[in-house]
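Trainee: The structure follows.
The values are calculated or read from the model by the stated rules, or taken from the named source; none is laboratory data. Because the structure is a prediction, the values reported are computed rather than measured. Here Cβ is always computed from backbone atoms with ideal geometry, including for glycine, and neighbour counts include all displayed protein chains. Accessible surface is based on the protein model in full, side chains and every heavy atom, while ligands, DNA and RNA are left aside. Shrake-Rupley method; radii C 1.70, N 1.55, O 1.52, S 1.80 Å.
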Amino acid sequence: IDGSAQFFLPRAEMGQGISTGLSQIVAEELNLTLDKVDCHYQNTSKIAPCQMTVGSQSMENYFELTALAAARLREVLKRIARKKFSLHTDNLSSVLNGFETETGKFIPYTSVVEEKLIEDEALEFEDIELFSKAGPGKTRLVGQRTEPVKIDDIITGKEIYSRDVVLP
């Protein structure tokens, strides 16, 4: 495990930048750098049907759902860290790439992630803090300019969009 998060885009990327926007949200909530979010495009037969993918509609529809999913994962990892390292305090702060104890000890995500533990801890959370909704000037990535996800593929023509596909 290299500390990156795999994110499966819930809508088709049609050049509107949804892969970048939603990846920024994932990175913000998990306290990762954007390059640590591995954004995957799904086969359109695997995602829910939608009326259309246009403009920023996908951001409007998926901002909060994506933020909640990533924030829940962060909180599950926090619970696992507390149990795994016998931390009996709620003072475990989210920092870049992991957590920090009140004594300053860094606990990287890579030392916490275990698939079975995540499944066991996958519970609902109430009043979860969404870092991505902190507001202007208070976020690291959301609302900030960034290089688009997979920009090299886009500008070199390697990225394939629906209009590029030719069917028999």
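Trainee: Could you count how many residues in the stretch 58-99 are in a loop (DSSP other than H, G, I, E, B) and under 29 Å from P10 (Cα atoms)?
Mentor: The qualifying residues number 2.
Trainee: Those residues that are open to solvent by 30 Å² or more (accessible area, probe 1.4 Å), modelled with pLDDT of 80 or more and polar (S, T, N, Q), I need them from the stretch 1-59; list them, please.
Mentor: S4, Q6, T33
Trainee: Also: Can you tell me how many residues in the stretch 93-125 are aliphatic (A, V, I, L, M), surrounded by 13 or more Cβ atoms within 10 Å (Cβ to Cβ) and at pLDDT 90 or above?
Mentor: 2
Trainee: Pairs under 8 Å by beta carbon, first residue under 18 Å from V37 (Cα atoms) in the stretch 91-110, partner open to solvent by 70 Å² or more (accessible area, probe 1.4 Å) and assigned to a helix (DSSP H, G or I), six or more apart or different chains?
Mentor: none
Trainee: In addition: Name the residues in the stretch 64-81 that are open to solvent by 50 Å² or more (accessible area, probe 1.4 Å) and over 14 Å from the mean Cα position of the chain (by Cα), would you?
Mentor: Result: R79, single match.
Trainee: Now a separate question. Quickly run through the stretch 138-167 and pick out the residues that are hydrophobic (A, V, I, L, M, F, W, C), assigned to a loop (DSSP other than H, G, I, E, B), within 17 Å of M14 (Cα to Cα) and open to solvent by less than 60 Å² (accessible area, probe 1.4 Å).
Mentor: Within the stretch 138-167, just V149 meets the criteria.
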